[in-house]
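Comments concern the structure below.
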Number of protein chains: 2
Amino acid sequence: MPELLSRRELNKAATRQAITDAALTLLRARGPGNFTVEDIAESAGVSRRTFFNYFSSTEAALASMTHGFLDNALQQFRRRPTDEPILESARAALMQLADPMTVAPLAELFTFTQDNAVLSRSELEAWDHCTEEIITAARERFAGTPGAVVDELYLRALAGSVISCGKAAMDVWFARCGADLSPASLAVLRQLLIDAMGHLGSGFGSPVPAASPSATSTTATTHLNKERL
Amino acid sequence: MPELLSRRELNKAATRQAITDAALTLLRARGPGNFTVEDIAESAGVSRRTFFNYFSSTEAALASMTHGFLDNALQQFRRRPTDEPILESARAALMQLADPMTVAPLAELFTFTQDNAVLSRSELEAWDHCTEEIITAARERFAGTPGAVVDELYLRALAGSVISCGKAAMDVWFARCGADLSPASLAVLRQLLIDAMGHLGSGFGSPVPAASPSATSTTATTHLNKERL
DNA sequence: CATTAAATTACACTACGTGCAAGTTTGCAC
DNA sequence: GTGCAAACTTGCACGTAGTGTAATTTAATG
């Protein structure tokens with residue numbers, strides 16, 4: 001009975017999971033900054049030292065969720081057809097994120113990140129890490145078409161902007177809907193992502209998104225105009 | 001003889017300066033991570049405790065330079081005419097950064113930031129902080145025209161993208177020219193900033209920038225195509 | 001079962017960041 | 001100047017973060 005994962009790997013995965021679970025539980029119970037690495041380790045049933053064998057800090061443990069979230073987006077991007085306009089690929093990839101299972105952990109993290117400097121710092125790092133990976137993915141994509149010379153500036157400016165738009169959409173969404181994961185709320189997020197990418201695709205010509213076939217766009221945007229962030 | 005700054009404020013400014021100077025000197029001498037807060041304090045002639053009265057960490061002390069750099073850009077943005085297209089204002093503001101005095105400290109920091117996780121982390125924070133301030137500035141700008149409703153998504157997506165483009169230009173510039181501050185090198189940076197904003201303004205339609213009146217654009221971009229970052 | 005490699009653990013040590021209670025300097029009024 | 005109050009600096013102590021190391025436990029292999 002040759003299992004796919006050895007017992008070693010299973011144990012490691014379990015330990016890792018136990019640590020992140022414990023961290024999240026403590027975050028929920030006591031709020032950010034009100035618990036130590038030792039608390040997490042004890043709660044996870046491992047030693048303090050073992051914690052550091054898995055994560056370099058409390059924030060890193062929590063940010064692993066954001067990484068999972070963003071890795072998902074990256075995966076979506078990579079499996080888009082190569083001949084598709086790159087902005088459309090990005091849009092499609094971001095769209096997959098407006099999924100209950102996917103955003104749930106991130107939405108909860110947002111609740112605590114809002115008023116905590118240390119946490120938002122590692123969130124920033126996660127988004128930046130994702131940007132670098134998108135740059136790599138996009139570079140490979142363009143390199144695929146033979147003879148084409150890849151413009152690093154174009155790549156980096158594009159990837160950074162796409163991520164910024166995704167981030168902007170999530171920020172506005174969270175300010176608007178909080179951690180609400182209802183279908184209606186997710187529809188808002190989806191529309192925000194579409195609108196943000198629309199702005200990007202049209203060169204931010206006007207605050208009012210260009211007339212699109214979908215009537216929902218204008219409506220959703222109008223609602224959000226009243227928002228204070 | 002009523003001085004503009006009281007002795008107290010002068011002393012504080014001097015202490016602050018002494019600390020950042022000491023930090024930079026040590027960074028140059030020993031490289032990132034190879035000196036402690038105590039080293040900086042001693043070198044600046046203050047106590048360890050006083051250091052923490054000014055900065056919350058070594059990185060914060062070094063990042064104060066980046067903050068100065070970005071605050072400069074923000075100032076430039078704010079003093080642009082209100083009726084100017086916002087992307088043009090952003091372009092003009094970024095352009096001011098390609099100035100020897102202004103980029104010098106940042107360029108040097110880049111040298112160390114490249115291969116150091118802790119440093120780049122606080123750099124990220126500085127850029128993010130600047131993004132938030134641009135959002136505020138842009139919001140006030142739009143709120144100036146009465147009756148206009150401000151679209152938070154547009155604001156945040158735009159500000160984030162502009163900053164990303166500025167960052168992309170600086171990254172490529174540094175990869176291309178290192179810490180070179182010669183007129184030729186700065187001209188490259190200026191052109192990169194223009195090109196990046198050009199990509200943004202045209203919705204990233206094509207890796208090759210739209211035909212522009214300036215012939216330099218295409219040339220500079222072509223050179224950079226060979227770049228590996 | 002024995003051997004080997006990997007993972008966990010305890011321990012020690014340096015450095016970080018902060019609260020607190022001194023001491024010192026500056027500003028201001030008299 | 002003298003005195004006083006507020007601001008700034010300093011030393012000390014304390015808890016926590018993160019890392020090196022060596023010993024111990026656990027899993028895989030033959």
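Summary table
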| read-out | value |
| --- | --- |
| Pairwise centroid distance, computed over Cα atoms, of segment B:158-190 with segment B:23-100, Å | 17 |
| Calculated diffusion of chain B, Stokes-Einstein form, Kirkwood radius summed over Cα pairs, 20 °C and 1.002 mPa s, µm²/s | 110 |
| Loop GluC sites (Glu not before Pro), segment A:2-84 (other Cβ atoms within 10 Å of the site Cβ: 11 or fewer; DSSP) | A:GLU3 |
| Within the protein assembly as shown: Cβ-based charge dipole about Cα centre, in debye rounded to nearest 20 (Lys, Arg +1; Asp, Glu -1) | 120 |
| Relative contact order %, chain A, counting alpha carbon pairs below 8 Å whose residues are six or more apart | 17 |
| Evaluated over segment A:1-55, the Cα radius of gyration and Dmax, each in Å | 13.0, 46 |
| Nearest-first distances (nm) between copies at A:GLU84, label 7 Å from Cα via Cβ | 3.9 |
| Value of [θ]222 nm, deg cm²/dmol, for chain A, DSSP H segments ≥ 4, -39500 (n - 2.57) each, nearest 500 | -24500 deg cm²/dmol |
| Potential lengthening between B:ASN53 and B:ASP115 on full extension [0.36 nm per residue; Cα-Cα distance subtracted] | 19.5 nm |
| Charged-residue dipole, Cβ positions (Lys, Arg, Asp, Glu), chain A about Cα centre, Debye nearest 20 | 180 |
| Contact surface B-A: accessible area buried, both sides summed, square angstrom, 1.4 angstrom probe | 3600 |
| Computed label-point distance, nm, for sites B:LYS12 and A:ASN72 using a 7 Å Cα→Cβ extension | 4.7 |
| Semi-axes of the equivalent ellipsoid for the protein assembly as shown, Cα gyration tensor, largest first, Å | 33, 33, 24 |
| Accessible-area value, A:TYR54, 1.4 Å probe, nucleic acids and ligands omitted, Å² | 50 |
| Sequence of A:ASP195, B:ASP99 when ordered by accessible area, the most exposed leading, probe 1.4 angstrom | B:ASP99, A:ASP195 |
| Å² of accessible area per residue within the protein assembly as shown, as computed with a 1.4 Å probe and no ligands counted | 49 |
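The values are calculated or read from the model by the stated rules, or taken from the named source; none is laboratory data. Computed from a predicted structure; not experimentally measured. Cβ atoms come from the backbone with ideal geometry, glycine included; neighbour counts cover every protein chain shown. Note: areas computed on protein heavy atoms with side chains; ligands, DNA, RNA excluded. Shrake-Rupley method; radii C 1.70, N 1.55, O 1.52, S 1.80 Å.
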